[in-house]
Amino acid sequence: MLTKAERLTKNTDFVKTYSIKRSVSNSLFILYIGEINKNPQFPTKAGFVVGKKIHKKATKRNKIKRHLREAFRKYKLEHPEYNNYWFSMVFLARADSLDTDFNQVYNAVENCINKALKRYSEHAKTQ
């Protein structure tokens, strides 16, 4: 489970992350990226969104969010060098994510974060 310091909780934080217009996607998720964190003391805050268009039952939407949160937590444990790279991240689920197992979700999360690192990191821009 993510700690409160690692979660996006306010609507304004979500809107701020969306307004930066940095995103990457794959068949399961869209990942919106906030600004690069200049102070690594603060952890990256993550938000997870599954709309009612995906499924009308909250239990199905919550299952996707649980898988996403756990995949993100596992990614942070396996790749500590990127733990505090951005201020915020928002994962937006697509309809295909409803019928997936945890390993597929983890691979999709890893894929999205790696794409974002290649596209939006300062290291990639300097090379």
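Below are the figures for this structure:
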{"read-out": "Any hit, the range 34-45, residues being touching a Lys or Arg at 6+ places or on another chain (Cβ under 8 Å) and under 21 Å from ARG61 (Cα atoms)", "value": "yes"}
{"read-out": "Qualifying residue in the range 18-28 (condition: assigned to a helix (DSSP H, G or I) and at pLDDT below 95)", "value": "yes"}
{"read-out": "Selection from the range 67-115 of residues that are touching a Phe, Trp or Tyr at 6+ places or on another chain (Cβ under 9 Å) and free of Cβ contacts under 8 Å to residues at least 40 places away in the same chain", "value": "HIS67, GLU70, ALA71, LYS74, TYR75, LYS76, TYR82, TYR106, GLU110"}
{"read-out": "Every pair of residues 6+ apart whose Cβ atoms lie under 6 Å, when the first sits in the range 44-61 and is within 13 Å of ASP96 (Cβ to Cβ) and without any contact (Cβ under 8 Å) to a residue 60 or more places away in the chain while the second is in a strand (DSSP E or B) and of a type outside the set (Ser, Thr, Tyr)", "value": "VAL50/ALA93; ILE54/ALA93"}
{"read-out": "Matching residues, the range 47-75, being farther than 15 Å from VAL105 by Cβ and in a helix (DSSP H, G or I)", "value": "ALA58, THR59"}
{"read-out": "Selected residue [among the polar types (S, T, N, Q), assigned to a loop (DSSP other than H, G, I, E, B) and surrounded by 13 or more Cβ atoms within 10 Å (Cβ to Cβ)] from ASN111, ASN39, ASN107, ASN84", "value": "ASN84"}
{"read-out": "Pick from the range 21-33, criterion surrounded by 15 or more Cβ atoms within 10 Å (Cβ to Cβ) and out of contact with any helix residue (DSSP H, G or I) (no Cβ under 6 Å at 6 or more places or on another chain), ranking: farthest from LEU68 (Cα to Cα)", "value": "SER23"}
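Conditions (1) modelled with pLDDT of 95 or more; (2) within 20 Å of GLN104 (Cα to Cα); (3) within 14 Å of the chain's Cα centre (by Cα), marked per residue:
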| site | (1), (2), (3) |
| --- | --- |
| MET1 | no, yes, no |
| THR12 | no, no, no |
| LYS38 | no, no, no |
| GLU78 | no, yes, no |
| ASN84 | no, no, yes |
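The values are calculated or read from the model by the stated rules, or taken from the named source; none is laboratory data. In this text the structure is predicted, and so the values were computed from the model without any measurement. With ideal geometry, Cβ positions are generated from the backbone for all residues, glycine too; neighbour counts draw on all protein chains shown.
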